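Notes follow the structure.
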Amino acid sequence: MTGRPSARQALYSYVDSAGVGHLAIDDAASVRGSIAGFEATAFESVVARERARYRILAAASRYDIAVDPDDTIRQPTSGADG
């Protein structure tokens, strides 16, 4: 795998090992849905969860979406070492 993300990876905050994209971040409405659905998503690892969290928050910033400071997506994943 190269350092560049695939097109699928650019559309989703999380792509599982089977290549299935989860939590779309390609437009403002999708980012809002991903924020809402973050806690309901099963991730393959703590690192994958943390990367998805970071990508969703970055997309929210890009689309000027305010995320409540108390929202669980704002809280780093316990035990994530990046």
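None of the figures in this text is laboratory data; all of them are computed from the coordinates on show. Model, not experiment: these values are computed from the prediction.
Overview of results
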{"read-out": "Choice from 62, 51, 32 with maximal GNM fluctuation in the chain (Cα, 10 Å cutoff)", "value": "62"}
{"read-out": "Translational diffusion coefficient (Stokes-Einstein; Kirkwood radius from C-alpha pairs) of the chain at 4 °C, 1.567 mPa s, in µm²/s", "value": "100 µm²/s"}
{"read-out": "Whole-Å semi-axes of the stretch 36-82's equivalent ellipsoid (Cα gyration tensor)", "value": "18, 11, 10"}
{"read-out": "GNM result for the chain, Cα springs below 10 Å: residue of 70, 26, 16 fluctuating most strongly", "value": "70"}
{"read-out": "For the chain: relative contact order, % (alpha-carbon pairs under 8 angstrom, 6 or more apart)", "value": "25 percent"}
{"read-out": "Of 20, 46, 67, the one that fluctuates the most in a GNM where the chain has Cα springs shorter than 10 Å", "value": "20"}
